[in-house]
Amino acid sequence: MSDAFTVLWTHDTCRALRKTGRVGERPPVAFSGVHSSLPAWSGARVGDEVYALHVNRCAVFVVSRMRVIDRERRDCCGTAPETWQDPAFPGHRDWSMLGADGCGAAAVHVDATPVRFDTLISGDLLARLTWRNRRGQTRGLK
């Protein structure tokens with residue numbers, strides 16, 4: 001059985017998605033990393049779903065639903081960097097705002113819904129949402 005996860009896309013990430021014209025497009029990749037500048041995706045496995053969320057003015061939006069295809073570097077990622085000055089994932093330059101240049105970034109290939117900023121999670125649904133933390137405890141929002 002697959003699991004579902006969430007990832008928070010910051011204002012900077014969402015602003016970059018809008019500025020570069022990615023709204024309405026399906027991201028082929030997202031990026032994971034061990035540094036706090038990137039989401040960890042540590043528990044996500046092939047087949048799991050990850051919901052990209054954005055919070056704006058006390059409202060929560062689902063920006064995209066991504067199903068993990070793999071967590072490997074593929075040919076589409078481009079040549080691996082030879083020096084620290086080289087781009088980490090030149091093949092995914094169009095989606096670099098999702099964390100390609102983050103410290104220790106790793107590609108997570110996804111099958112995603114189009115990026116959009118109009119899918120609001122209603123307040124009554126937010127009150128019922130629960131999640132399971134790393135210790136296996138079910139929690140609700142505070």
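The values are calculated or read from the model by the stated rules, or taken from the named source; none is laboratory data. This is a predicted model, so every value here is computed, not measured. Heads up, the Cβs are rebuilt from the backbone with ideal geometry, glycines too, and the neighbour counts pull from every protein chain shown. Surface accessibility is based on the protein's heavy atoms, side chains included, excluding ligands, DNA and RNA. Shrake-Rupley method; radii C 1.70, N 1.55, O 1.52, S 1.80 Å.
Worth pointing out:
- Dipole in debye (nearest 20) - the chain, about Cα centre, beta carbon charges: Lys, Arg +1; Asp, Glu -1: 620 debye
- Convex hull volume of the C-alpha atoms in the chain, normalised per residue: 124 Å³.
- For the set R67, R18, the ranking by accessible area, highest first and with no ligand, DNA or RNA atoms included, is R18, R67 under a 1.4 Å probe.
- Solvent-accessible surface (1.4 angstrom probe) belonging to D12, in square angstrom, nearest 10: 110 Å²
- Exposure ranking of C77, C58 by accessible area [1.4 Å probe, largest first]: C58, C77
- With both labels modelled 7 Å from their Cα along Cα-to-Cβ, the D111 to S42 distance reads 2.8 nm.
- Accessible-area order (highest first, 1.4 angstrom probe) of the listed residues V68, V55: V55, V68
- The modelled label-to-label distance for the pair T79/L8, using points 7 Å beyond Cα in the direction of Cβ, is 3.9 nm.
- Fraction of accessible area attributable to carbon and sulfur, the chain (%, probe 1.4 Å): 52 percent
- Solvent-accessible surface (1.4 angstrom probe) belonging to T138, in square angstrom, nearest 10: 100 Å²
- Computed [θ] at 222 nm, deg cm²/dmol, the chain (DSSP H ≥ 4; -39,500 (n - 2.57); rounded to nearest 500): -2500 deg cm²/dmol
- Charge sum, other residues only, whose C-beta stays under 14 Å from V46's C-beta, Lys/Arg counted +1 and Asp/Glu -1: -2
- Only beta bridges with both residues in the chain are counted; by DSSP, about 80 percent of them are antiparallel.
- Potential lengthening between C58 and E72 on full extension [0.36 nm per residue; Cα-Cα distance subtracted]: 1.5 nm
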